[in-house]
Amino acid sequence: MLTGNNTMRITQIVNIRTESPSVKTYTFVDKLCSEARPGQFLMLWIPGIDEIPLSIMDTSNDLVSVAVKAVGDATRHLHSLEAGATIGIRGPFGTSFSENTGRVLLIGGGTGIAPLLFLAKQLQTKTAHLAFVEGAKTKAELLFVRELGGVCQEQNLITTTDDGTAGLQCLVTQPLATLLDKEHFDMIYTCGPEIMVKKIFELTEQHKLPLEASLERLMRCGIGLCGSCMLGKYRVCRDGPVFTSTQLREVRDELGISKIGFDGSRIPI
């Protein structure tokens, strides 16, 4: 019998907000997930379709918000739903980010911005300095820029786009390298594509700076049973999704290189 956080709870979508051509934010009521910490995730069940892992983006009273990009059958079906639709929720699961009160830098891309925004809101009044670097392919895909500017102050927010339609025209890791050369940070936090995370890990290692990274992998169960999210000796859903520099060093030969696919075979990232 399922108990606690792993019990499926049926709820309804309260609100849907379009963030970009491919991303929508969904808000629903769930008391357990409303007590989640930044970095944790939930499993969202779309009746008759599938169950998917999603990072928690925000909580308020009993309300929970997640950002969802339409990338597959399940997420495209979710994008077709309207407020009032029924969904199922399990969680919250996984590890969370620590709360460093010194000089902090957050860096991410895609829907990886969601848990970092959640963290930034928590750190807003606690840190000596809070800076954020966000990257996307185009201006239309930059997420939550206004919110981030309010949390970090606009002068501490750097945006990059691959096509140069907003911010700097470069990969998100390029301004990070410049920042680390001229400024000191007590902690770096990141979330996004694993290849990006690997590059950020390499840069922080060169500068001997601590890093906490939230990793995105295929998760079917969310509780460490199925093994679909294995990274070295770690199960990302149970041992992560937030990993420290020490843990990442243990799996550096696999990080950003390969992962387990839907059919169980190992495939290149």
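The values are calculated or read from the model by the stated rules, or taken from the named source; none is laboratory data. Because the structure is predicted, anything quoted here is derived from the model rather than measured. Glycine also receives a Cβ, built like all others from the backbone with ideal geometry; neighbour counts cover every protein chain displayed. Remember, those area values only see protein heavy atoms, side chains included, never the ligands or the DNA or RNA. Shrake-Rupley method; radii C 1.70, N 1.55, O 1.52, S 1.80 Å.
Structure notes:
- Put simply, of LYS69, LYS126, LYS139 the only residue that is basic (Lys, Arg) and closer than 27 Å to GLN12 by Cβ is LYS69.
- Within segment 31-51, restricting attention to residues that are farther than 13 Å from PHE93 by Cα and either touching a residue at least 24 places away in the same chain (Cβ under 8 Å) or in contact with a Pro (Cβ under 6 Å, 6 or more places away or on another chain) (or both), the residue that is least open to solvent (accessible area, probe 1.4 Å) is ILE46.
- Condition broken by HIS184, with the remaining ones in (1) touching a residue at least 60 places away in the same chain (Cβ under 8 Å); (2) assigned to a helix (DSSP H, G or I); (3) surrounded by fewer than 20 Cβ atoms within 10 Å (Cβ to Cβ) satisfied: (2)
- All positions within segment 75-90 that are open to solvent by less than 60 Å² (accessible area, probe 1.4 Å) and either on the phi < 0 side of the Ramachandran plot or touching a Pro at 6+ places or on another chain (Cβ under 7 Å) (or both): THR75, LEU78, HIS79, LEU81, ALA85, ILE87, GLY88, ILE89, ARG90
- Cross-chain or 6+ apart pairs with Cβ under 6 Å, segment 227-254 first and closer than 17 Å to GLU205 by Cβ, then open to solvent by 50 Å² or more (accessible area, probe 1.4 Å) and of a type outside the set (D, E, K, R): SER245/PRO210
- Selected residue (only one of LEU106, LEU123, LEU119, LEU130 is crowded, with 16+ Cβ neighbours inside 10 Å and under 19 Å from GLN174 (Cβ atoms)): LEU106
- The sole residue among GLU82, GLU99 that is in a loop (DSSP other than H, G, I, E, B) and farther than 24 Å from ALA213 by Cα is GLU82.
- Within segment 54-74, residues that are on the phi < 0 side of the Ramachandran plot and open to solvent by 40 Å² or more (accessible area, probe 1.4 Å) reach partners that are part of a loop (DSSP other than H, G, I, E, B) and among the basic types (Lys, Arg) with beta carbons closer than 6 Å, at six or more positions or on different chains, in the pairs ASP62/LYS31.
- Answer residue from segment 214-269, given it is among the polar types (S, T, N, Q) and in a loop (DSSP other than H, G, I, E, B) and is farthest from the chain's Cα centre (by Cα) among those: SER265
- Candidate set: segment 133-176, residues that are farther than 21 Å from ILE195 by Cα and among the acidic types (Asp, Glu); chosen: the one most open to solvent (accessible area, probe 1.4 Å): GLU154
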